[in-house]
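Participant: What follows is a structure written as structure tokens; I'll ask about it next.
The numbers here are math on the coordinates, done by the rules we state, and not lab data. All of these numbers come straight from a predicted model, not from anything done at the bench. Here Cβ is always computed from backbone atoms with ideal geometry, including for glycine, and neighbour counts include all displayed protein chains.
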Amino acid sequence: MDAVRRGLALAWKALRLEITLYRALGRWLVRRPDVPAGATPIGYSRLVAPMLWLWIFGSAVEVVVLDVVLSRWWTPLRIPLLVLGVWGLVWMLGMLAAYRVRPHLLGEAMLQVRDGIHARVDVPLERIAGVRTVDHELPGLLRSVHVQGEGEGAMLLIGVGSRTNLELVLTGPTTLRTPHGSSTVTRVGLWVDEPREVAEVLRRRRSAPLRRSPRR
């Protein structure tokens, strides 16, 4: 029974991933990034975009070559492999689109850290004591969220291409929700395209008074 539940949970997760990719691709095509009104977008796609474009080009060439070869020598496999190849190509385009249309979001009271379709971590601005440009690496190429260290030295890394280049020093141990559960950390690392500029924006926003809605 547990195996069935795990299988269903995995299938549901895969379906949600597919839907998110196709939505991101649709937003990219119509140029409507997922940025709510009042939020400031912070880009982070420059690191992975060249690599993804290379994979997309290679996959497109592979689809065409396989279709030509199989149409002459092994016709029964032509359609299944063509469908699989096109699906893989669209999947990678959706991944690239997610990096472009789902940037980090800086709001009045919160910094929402994203990583394409994988991660979302909300960091309250009032918990940020300092910002600095520091490089960190995550273990493994596919991991986008990782907690490094323990106790007072625990740091949450939300990487792009297994790297981060901006570090948020928190006012103290802070519990943040991640895709893998809650973690209590004292620092947060993330990747942005312009670390120095973003650091300066965060310093100004952190020191600015919080806007209040006018009383009626």
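Participant: Report the residue, chosen from Val198, Val86, Val185, that carries the largest GNM mean-square fluctuation when the chain is represented by alpha-carbon nodes joined by springs under 10 Å.
Facilitator: Result for the chain, Cα springs under 10 Å: Val86 fluctuates most.
Participant: Could you check the spin-label model distance between Ala14 and Ala37? Points 7 Å from the Cα along Cα→Cβ, value in nm.
Facilitator: It works out to 4.0 nm between the two label points.
Participant: I want to make sure I understand the PRE zone here: with the label point 7 angstrom from the Cα of Glu62 toward its beta carbon, which residues in the range 78-108 have backbone N atoms less than 17 Å away?
Facilitator: Backbone N within reach: 78-96.
Participant: Need the full-extension length gain, Thr175 to Glu108, defined as separation in residues times 0.36 nm minus the C-alpha distance. One decimal, nm. Working shown, then result.
Facilitator: Working: separation 67, 0.36 × 67 = 24.12 nm, distance 1.98 nm.
So the extension gain works out to 22.1 nm.
Participant: Enter the angle in degrees (range 0 to 90, nearest 10) between the Cα long axis of helix 195-207 and the first principal axis of the Cα atoms of the chain, meaning the one along which they spread out most.
Facilitator: It works out to around 40 degrees.
Participant: Cα atoms only, the chain: Rg and Dmax in Å?
Facilitator: 20.6, 76
Participant: Next question, about the same structure. DSSP loop chymotrypsin sites (Phe, Trp or Tyr not before Pro) in the range 48-115 with at most 15 other Cβ atoms within 10 Å of their Cβ, which ones? Before the final figure, lay out each step's value.
Facilitator: Details: sites: Trp53, Trp55, Phe57, Trp73, Trp74, Trp87, Trp91, Tyr99; in loops: Trp74.
Passing both the DSSP loop test and the Cβ count: Trp74.
Participant: Using just the helices of the chain, give the 222 nm mean residue ellipticity in deg cm²/dmol: DSSP H runs with n ≥ 4 each add -39,500 (n - 2.57), and the total is spread over all residues, rounded to 500. Kindly include the intermediate steps, with their values, before the conclusion.
Facilitator: Working: 4 runs with 91 residues, N = 216.
-15000 deg cm²/dmol, from helical runs alone.
Participant: Same structure, new question: With axes computed from alpha carbons, what is the tilt in degrees of helix 78-101 against the longest principal axis of the chain, rounded to the nearest 10 within 0 to 90?
Facilitator: That works out to roughly 20 degrees.
Participant: If you don't mind, another one. Write down the Kirkwood hydrodynamic radius of the range 106-216, to one decimal in angstroms, obtained as one divided by the mean of 1/r over all alpha carbon pairs. Don't skip to the answer; put the middle values down first.
Facilitator: Numbers: mean 1/r = 0.0700 Å⁻¹.
Taking the inverse mean of 1/r over all distinct Cα pairs, the range 106-216 comes out at 14.3 Å.
Participant: Please check: in the Gaussian network model of the chain (C-alpha springs, under 10 Å), which one of Arg72, Arg206, Arg23 has the largest mean-square fluctuation.
Facilitator: Result: Arg72 has the largest fluctuation of those listed.
Participant: Another question, if that's okay. Could you give each residue of the range 3-8 its phi-based ³J(HN,Hα) in whole Hz, using Karplus coefficients 6.51, -1.76, 1.60 with θ = phi - 60°, and x for Gly or Pro?
Facilitator: Once rounded to whole Hz, the list reads 5, 5, 5, 5, x, 5.
Participant: Using R₀ = 41 Å, calculate the FRET efficiency as 1/(1 + (r/R₀)^6) where r is the Cβ-Cβ separation of Trp53 and Thr133; round to 0.05. Provide the component values of the computation, followed by the final result.
Facilitator: Values: r = 26 Å, r/R0 = 0.64.
Efficiency for this residue pair is about 0.95.
Participant: Please pull out the direction-averaged projected area of the range 1-93, using the convex hull of its alpha-carbon atoms, in nm² to one decimal place.
Facilitator: On the way: hull surface 38.7 nm².
The orientation-averaged projected area of the Cα hull of the range 1-93 comes to 9.7 nm².
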